[in-house]
1. Of the conditions (1) in a helix (DSSP H, G or I); (2) closer than 30 Å to Arg94 by Cα, Ala240 clears all except one; give me its number.
2. Just to be sure, is Leu2 modelled with pLDDT of 65 or more and either touching a Gly at 6+ places or on another chain (Cβ under 7 Å) or within 26 Å of Val268 (Cβ to Cβ) (or both)?
3. Out of all the residues in the range 38-53, is one or more outside any loop (DSSP other than H, G, I, E, B), among the hydrophobic types (A, V, I, L, M, F, W, C) and modelled with pLDDT of 60 or more?
4. Of these, Pro256, Pro209, which one is in a helix (DSSP H, G or I) and crowded, with 17+ Cβ neighbours inside 10 Å?
5. Looking for something closer than 21 Å to Gly212 by Cβ, at pLDDT 90 or above, among the hydrophobic types (A, V, I, L, M, F, W, C) and in contact with a Phe, Trp or Tyr (Cβ under 7 Å, 6 or more places away or on another chain) - is there at least one such residue anywhere in the range 166-180?
6. I need a count of the residues in the range 182-206 that are modelled with pLDDT of 80 or more and either in contact with a Lys or Arg (Cβ under 9 Å, 6 or more places away or on another chain) or under 30 Å from Leu271 (Cβ atoms) (or both).
7. Within the range 82-113, count every residue that is of a type outside the set (Val, Ile, Thr) and assigned to a loop (DSSP other than H, G, I, E, B).
8. Can you find even one residue in the range 148-169 that is of a type in the set (A, V, I, L, M, F, W, C), part of a helix (DSSP H, G or I), under 28 Å from Ile279 (Cα atoms) and out of contact with any Leu (no Cβ under 8 Å at 6 or more places or on another chain)?
Amino acid sequence: MLGRKIARHGVAIIGTALLGGLLSATMVRLAPGFDTDEAQIDSHLNSESLRALRESRSQQNNILVFYLQSLKRASQGDLGSSLTLHQPVSKLLRERAPLTLRLIGVALLLSWGAAMTLALSAAFLRLYSYDALATVISGILLCLPAAVVGLLSVLWNTPAALAVAALVFPRDFRYARNLLGRAYSLPHIITARAKGLHELRILFWHVIPVAGPQLLALAGVSVSLAIGAAIPIEALCGLAGVGQLAWQAALARDLPLLVNITVLVTLVTLLANTAADLIGSMVGSQPA
């Protein structure tokens, strides 16, 4: 049963990643000004260089042919070269991925630490004023655009991971607060409290088993939220990560680079969601 579920998830991940890469390539190709290049207005280039630039762009006019050729090269370990940075895409990703992974990892730890602390304390204390204050804080952060948070991070010289965590935290908190609130309102937990059971025992033996699968699903979604928040934060804070690379590729319409980043981000997001779903299914199937 579990093997079939893993196989279905694997097929869905591969199909979605391939479709995501094709859709990103199509949108870039249909974007206004795709056939233009800033280098073409460089007065220092001769006619042969300009012709080479135009030919490099013309090879991407047929998106389906370009994408199939890219997949064929990728199956042989060649991800192509960036048109703007003139470096192999695999080299660029290897150099920049560690910074982005550290940024996302620290941001998720900060976001989940703050979200679970506030959500648990709000559910435990059951004070309207405390719950309302936490909800207002998360609501304010939820309304702030990523660009504003990034600019504030630059102006106040705060760590970029804190900016990403500020964007992920309100969604984590609001969902976790609702899950824990519903769990604590279940009849058997109210009975356990009435019998005088210790709060830690109630939490680990009664609340977590109920809310655990949904919290794991939220953890998978948090990864995709952190990846999406890392792109503008890296671009605004001047961090040489994959997010900044994606921003540069989108502005320059660098099709080989953008397609590979889209497939990579899609794979990471789907793997995180799938892992959370499978773990949640196994935890939920365990006898209480």
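1. The single condition Ala240 does not satisfy is (1).
2. Details: modelled with pLDDT of 65 or more: no; either touching a Gly at 6+ places or on another chain (Cβ under 7 Å) or within 26 Å of Val268 (Cβ to Cβ) (or both): yes.
When the stated conditions are applied, Leu2 does not pass them.
3. From the range 38-53, those outside any loop (DSSP other than H, G, I, E, B) are 38-41, 47-53; that's our starting set.
Pick out the ones that are also among the hydrophobic types (A, V, I, L, M, F, W, C) and you get 39, 41, 50, 52-53.
Retained after the next criterion (residues that are modelled with pLDDT of 60 or more): 52.
Yes, the range 38-53 contains at least one residue that is outside any loop (DSSP other than H, G, I, E, B), among the hydrophobic types (A, V, I, L, M, F, W, C) and modelled with pLDDT of 60 or more.
4. On the way: Pro209 fails: crowded, with 17+ Cβ neighbours inside 10 Å.
That would be Pro256, the only listed residue that is in a helix (DSSP H, G or I) and crowded, with 17+ Cβ neighbours inside 10 Å.
5. No.
6. Total satisfying the criteria: 2.
7. Our first condition is that a residue be of a type outside the set (Val, Ile, Thr); within the range 82-113, this holds for 82-83, 85-88, 90-99, 101-103, 105, 107-113.
Cutting the leftovers down to assigned to a loop (DSSP other than H, G, I, E, B) gives us 82-83, 85-87.
Going through the range 82-113 one residue at a time, the tally reaches 5.
8. no
The values are calculated or read from the model by the stated rules, or taken from the named source; none is laboratory data. Small disclaimer: the values here were computed from a predicted structure and weren't measured. Glycine also receives a Cβ, built like all others from the backbone with ideal geometry; neighbour counts cover every protein chain displayed.
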